[in-house]
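Here the structure comes first, spelled out in C-alpha cells, and everything after it is commentary.
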Amino acid sequence: MAIEKLEAVDITCYIEDLNEVLKKCCQSGCFHIEPPDNSKGEKFRLLNEENPYESLITELSSFFSKVGIKYEEKNFSSLKEESASELSVLTDEIKSDILKNIEHTEELSEDIKHRRQVAMYLSHLEGIDEDYQKLFSCKNVSVRFGKLPIESYEKLSYHKDKPFIFNTYDNDGEYYWGMYFVPSSIKDDIDDIFSELYFERIRLPDFVEGTGKDAKINNEKAIFSEREELKNLKKQIDESIDKNKEKLNMIYSKLVYLSGIFELRREVVLYDDKYILIKGYVPSKKSEEFISLFKELDTVTVLSRPCERDNRLNPPTKLKNNIFAEPFSMFVEMYGLPSHHGFDPTMLVAITYTLLFGLMFADLGQGIIISIAGAFLWHVKKNKLGAILERVGISSAVFGFLFGSVFGFEHLLDPVFRNMGFEEKPFEVMDNINTILYGAIALGVVFIVITIIINICIGFKQKDYERALFSNNGIAGLVFFIAILGGLVGNLILGMNLLTPVYVVFLIVIPALLMFFREILGCLIMKKPIEKVGVGDFIASNFFEVFEFGLGFATNTLSFVRVGGFILSHAGMMSVVMLLAEMAGKSGSILVIIIGNIFVIGMEGLIVGIQSLRLEFYEVFSRFYDGDGRAFEPVNMKIKNINSK
Amino acid sequence: MINYSYNATVAKARTFYGKRLKEDDYRELLKKTTIPEIAEYLKRNTHFSDCLSNIDTASVHRGYLEDILNRETFNEYVRLCNFQKLNEISFFNYRYINSEINVILRCIIYINAGTTEKFIDTISPYLAKHSSFDMMKLGEVRTYNDLLDILQKTPYYEIIKDQKPDDNGNYNCTEIDILLKTYYVNWVKDAIKRDFSGSVQKDMLEITGILYDLSNVYNAFRYKAFSGADYEEISHILFPVPSNITKYRFYELMNTNTAEEYIDVLKNTGYGRRITVENSDISRASINHDIEFLRNRFAKNYLRKSTNAAVSIYTILFLLTTEVKNIITIIEGIRYGVPVQSIEEMLVIV
C-alpha cells in the first residue's frame, strides 16, 4: 500500500556516447526517461533524425506474415551486426532463397489452377474422339469449342440452312458442351449467329493434345506432377524457414531493440552540438546500482537526488504492492494513477473489492470454480483479471461456506456445521432479509467513514487544511455524517433521543456551517488571499453545495443496500435453478443444475463484478482519490511499447 | 367477380420486395469493371444467386446473363401466380399478353429490316411456353403475311391485319405499337373490372391508371420534343386512361409549343411537384428518368399499403422489372465504358 520512492537522475555525456548510454539505461531495467524541455536556450536543441531501422522492421514484418513466421523475442547478443545496412544485408541473404521458392510455388499454383479449369472443360468434351491438335490445325475448317445454353440449342434448327455442324458431348442442365465446325471463309457470320445464341467460346491451350479422353488423362497427369512438385517446394520452404526462423527472430528482436533505442534519442537534449543531457528517474533503492553501470564510461556523468528534496519535480508514480493486492492495481490504473506524492489505494481496493464480491456472490462451489478459472486465466493466459478472479473466488467460497451454500444446495454443509457444534448452518440468507439489508447499510457507513478518514490524513499530509478540516470529506463532514447517523440510530433503533439542542448545535449545525464557509476558513488558515465573490452568489452556491453534501451522504450510504440486494438475488436465483431442476425430474435435474450454475456464474458473476467496481469508483474513490499521476515506465518497457504501436 | 383474400401471396410479395437490391448493392455493382465481376456479385450477394448457381460467372455471355435475369423475373411472376392458384384468374394473363405484344412488335421491326432469319435468336423459349400462339414459329416468319398466318386465331390478328406497307415495303411500327398497346391497356382495364370488385378493383384501376397516365406524360413529351406535335396528333398516341392531371393543366400541357414549355407546365402539375420534391428538378435530359422514378415510387407505395394479392403481384413485378433494367443498365454501361457517375444517374432506385 505504497508508492515507491524515486530519485531524479541527470546524465551528461558526449553525443558519440549517446547510444551506449541509452543501452545502459535499457539494461538497468529501472530508468524512466523524462521528455526533453527544449525551452532552455538557443544552444539546446532536440535530435530529430530519421529512424533507419523502421523500414527494415516493416519489411521483415511483412516477410514474416507472408511466410507465416510468428515473431518471438530472442536473445540477440550473438549478432555482431549493428548498423541498419549490415542488418539489411544479413536479412536479404536469408530471405532471397525463400522468396525465390515462394515465387516458384505461386507460379506453380497458378498453373495448376489453370490446368484444373482446363480439366473441367475437358471433362465436358471427353467424347471427342479426334486429336485436338488435328482439329486445331485444320486450314479450311474452323473449330470452336464451348457451351451453348440449352434454350439456344433449341433454336439451332432454325439455322439449318447455314453451313455449320454443332457436335454436343455433354449437357450439364444449363448448357450443351461441344464444338462447331464452320468453313473458314464464312466463320465470322457463323460466329455472329452463335454469339447471338449466347455461345460461350472456350479457348483451349496449346498443351491440350490427343483425343478427348487422352487430353483429359494427360492433363490430370500434369496436374498430379505439378502438385508433387509444389508439395516438394513447400517442404523445402518450410525446412528453410525452420532453419532460419531462430536467426530471423534474432534479427527482428535486434532491430526492434535498436529502433527503440533510436526512438529514445528523441527524448534527450543536445547542448552546444556536443553534449547530451538526459533526465529521468530511478527507484531510490536501485539508484546506486544504476549509477555503477556507467562507471566504465569515463566521459559520462550521472547525478541523482531524492525527489522529496526538490519541490519543482513532478515525478512519475511507481506502485509497490504485496502479492495479494498487486493485481488490483489494474482497477486503480483504470481510474487513474495516484500522483507520486499521493496515496496509493490499491490495498484498500484489494480488501474492499474482495469483501464486497465475496458477500454478493457467496457460494462455496461457485467461488472455487471462479477461483480455478481465474488461476487458469492468470497463470496460463497471463490475464491480470484472472488474478483478481482467483482472489475474489476464494472470498466467495469463504462467504459461501458461512452462508452454507454449495452450487445452490443450501443444506449440503449442514453435517459439517453439526460436527462443528452448530445446530444448523449459522446464517440462513432468506430468513434474515432485514439483517442483510441493515448490515449492508452498516457496511456502507464503515466504508464511508474509512474513506473520509483517509481523505483527512491526505489533507493533513498535503497541508491542505480546507480539505482535511472543513470539506464534506474532512473532519466537519465526518462529524456531521456520524452525528446525523447517530441521531437516527438512537431514535429509530435504540429508542434514545440523542437529538438534544446541544447535540444538534455542536455536532450538526456547526459542522454544516464549517462546510458552508470552508473556502474562507481554508484560506484563512493557509494564509491565502480570499477569492472575492458576491454575497448572494456565495450564499446561494454554498447553500446548495452543503445541501448536496447532505443528500450525497444519504444516497451514498443507501447505495450500499445493493450489497444486500445481491446477496438475496444470488440466493433467489439459485433457488429458481433448484426449482427448475426439481421440475425436470431425475434425468434432467443434473443437467439443469449444471446449466443453471454456469448461467449464474456467468451472468451474476459479471454483474456483481461490475457493481463492486462501481461502489469502489463512485462511493470510495470519489471521496479522496484524484488519480492525476502518470506511470513510471522504464525505458526498456517504453521501447517495447513504441514498437508494439 | 371474385372477392378473395390471398394474404399469403401478399406476404410473399412483400418478403420478396425485402430481398430487392438496395442502394449498397448498386454501389457495389457500380464499382465492378467487368461483366464476370457483376455476375459474381449477383451470384454471391443477391436474390439472383439461385438462378445463377449453375453459371460459370467467369465466362458467362453478357446477353445470356441479361436473359437469365429477365427469365428469373418472369419465373418469379409465374411462381407468385401459381402459389395460391391465382393463375386461374384471367387477369393474371396480363404479363403473357404484354410479352406477346412485345414479341410481335419486335418481329415487325425485323420484317421491316429484312433480317427475319435472325429473329429466332431473340425469342425467349420461357415466354414461348406461356404464349397463346406458337411463338417459336415466329422464327420462320419472312413476311408480314407469314406473321398474320401465325396470329390468325389470336385477337392481335384483327388489330393488325389491315396494315399496309408504305412505298418502301415497310409497315408503320408506331401505329401498330399504339394499336396493340391500346388493346392491351383496354384488356387490362376490362379484366380488372371483370375479375375483381370493391377495393381490389378500385386499387387496381388506380395503380394501372397512374402508371399508364405517367407513360402518357412521357410519350407526349417525346412527340412534343422530337416532332413538335400538337394536341390533335398527341391524343392519338395516348393510352386510354383518365389522367390525374386537372383538365385545365392537361390542355395547357398538350398545347405547349416546345419541350421546354411542356416541362415548365409539367412542373406545376401534381406529378411535377412530386418529382421536384422527391427526386430532382425536371429537365429535358432527366424527364425520362424522373417519370420512371415516379412510376416506381407509386408502385412501391401501392405495394406497401395494399393488402390484396392483385395489387401486390402487379406492383412487385413492376419493381422487379425496373430492378433488372437497372442491372442491365450497369452491364451495358460497363460494357461501353460509360462513366460510373453517368450510369448512376440512369438508375431508378426508389
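Which ³J(HN,Hα) values in Hz, rounded to whole numbers, follow from the phi angles of segment A:213-229 under the Karplus curve 6.51 cos²θ - 1.76 cosθ + 1.60, where θ = phi - 60° and Gly and Pro get x?
Here the 3J(HN,Hα) series is 5, 4, 4, 5, 5, 4, 5, 5, 4, 4, 4, 4, 5, 5, 5, 4, 4 Hz.
Per DSSP H run of at least 4 residues, take -39500 (n - 2.57); add these up for chain A, divide by its residues and hand me the 222 nm value, nearest 500 deg cm²/dmol.
-18500 deg cm²/dmol
Report the Rg/Rh value for segment A:463-559, based on alpha-carbon coordinates and the Kirkwood definition of Rh.
Rounded to two decimals, Rg/Rh equals 1.03.
Hydropathy at least 1.0 by Kyte-Doolittle, axial extent at least 30 angstrom from the Cα trace: which helices of chain B, defined as entire DSSP H runs, fit?
Qualifying helices, which must be both long enough and hydrophobic enough, are B:309-335.
By the gyration tensor of its Cα atoms, with a ≥ b ≥ c the square roots of the eigenvalues, what is the shape of segment B:115-176: rounded for a/c under 1.5, prolate for a/b over b/c, or oblate?
Working: a/c = 2.17, a/b = 1.38, b/c = 1.57.
It comes out oblate by the Cα gyration axes.
Kindly express, to the nearest 10 degrees and within the range 0 to 90, the angle between helix A:18-28's C-alpha long axis and the longest C-alpha principal axis of chain A.
70
Through the Karplus equation 6.51 cos²θ - 1.76 cosθ + 1.60, θ set to phi - 60°, convert the phi angles of segment A:272-278 into ³J(HN,Hα) values in whole Hz; use x for Gly and Pro.
With the stated coefficients, segment A:272-278 comes to 6, 6, 10, 9, 10, 10, 10 Hz.
Along the charge dipole of segment A:463-559, Cβ charges K/R +1 and D/E -1, which of A:Ile510, A:Phe553, A:Pro529 sits furthest on the positive end?
Value computed over the given set: A:Pro529.
Run the reach check for A:Lys381 against aspartates and glutamates, Cα to Cα strictly under 14 Å, same-chain hits fewer than 8 apart removed. What comes back?
Straight-line reach from A:Lys381, under 14 Å: A:Glu390.
Can you give the FRET efficiency to the nearest 0.05 for A:Lys139 and B:Thr115, using r as the Cβ-Cβ distance and R₀ = 35 Å?
The formula returns an efficiency of 0.65 here.
Counting only residues 5 or more places away or on other chains, whose amide H sits under 5 Å from the amide H of A:Thr317 once H atoms are built in the peptide plane?
A:Arg630, A:Ala631, A:Phe632
Computed from the mean reciprocal separation of all distinct C-alpha pairs, what Kirkwood hydrodynamic radius does chain B have, in Å? Working shown, then result.
Working: mean 1/r = 0.0457 Å⁻¹.
After inverting the pairwise mean of 1/r, the radius is 21.9 Å.
Counting alpha carbon pairs within less than 8 Å and at least 6 residues apart, what relative contact order, in whole percent, applies to chain B?
After rounding, I find 22 percent.
Give me the angle, in degrees from 0 to 90, between the Cα long axis of helix A:187-196 and the longest principal axis of the Cα atoms of chain A, rounded to the nearest 10.
So the helix axis and the longest Cα principal axis differ by about 40 degrees.
To make sure I understand, if each residue's beta carbon is the centre and we count other beta carbons within 10 Å, what order do A:Phe136, A:Phe544, A:Phe549 fall in, fewest to most?
Going from sparsest to densest Cβ surroundings: A:Phe544, A:Phe136, A:Phe549.
Does segment A:130-210 classify as rounded, prolate or oblate by the C-alpha gyration tensor (a ≥ b ≥ c root eigenvalues; a/c under 1.5 gives rounded; else a/b over b/c gives prolate, otherwise oblate)?
oblate
How large is Rg/Rh for segment A:168-237, to two decimals, with Cα atoms and a Kirkwood Rh?
Using Cα coordinates only, the ratio equals 1.16.
Pairs of alpha-carbon atoms within less than 8 angstrom and 6+ residues apart define the contacts here; what relative contact order does chain A have, in percent?
20
Quick one: how many lysine pairs does segment B:139-256 have with C-alpha atoms less than 25 Å apart and a gap of 8 or more or different chains? Give me the count, please.
19
If one takes the longest principal axis of the Cα atoms in chain A, at what angle in degrees, from 0 to 90 and to the nearest 10, does the Cα axis of helix A:433-461 lie?
80
For the residues B:Ile68, A:Ile510, what sequence is obtained by ranking on other C-beta atoms within 10 Å, fewest first?
A:Ile510, B:Ile68
Which lysines does A:Lys221 reach when only Cα atoms under 27 Å apart count, and residues fewer than 8 places away in its own chain are ignored?
Straight-distance partners of A:Lys221: A:Lys100, A:Lys113, A:Lys134, A:Lys147, A:Lys213, A:Lys231, A:Lys234, A:Lys235.
Expressed as a whole percent, how much of the Cα-Cα distance distribution for the protein assembly as shown exceeds 44 Å? Don't skip to the end; give the middle numbers.
Details: 321381 of 494515 pairs.
The answer is 65 percent, as a whole percent.
So who's got an amide H within less than 5 Å of the one on A:Val141, skipping anything under 5 residues away but keeping other chains? H placed 1.01 Å off N, in plane.
Excluding prolines and chain starts, which carry no amide H, the hits are A:Ser184.
Let me know the charge dipole size of the protein assembly as shown about its Cα centre in debye, to the nearest 20, where only the beta-carbon of Lys, Arg (+1) and Asp, Glu (-1) is charged.
2140
Counting only residues 5 or more places away or on other chains, whose amide H sits under 5 Å from the amide H of A:Val269 once H atoms are built in the peptide plane?
A:Leu277
Computed from the coordinates by the stated procedures, all read-outs in this text should not be read as laboratory data. Nothing here was measured: the structure is a model prediction, and the numbers come from that model. Using ideal geometry, Cβ is built from the backbone for each residue, glycine included, and neighbour counts are taken over all protein chains shown.
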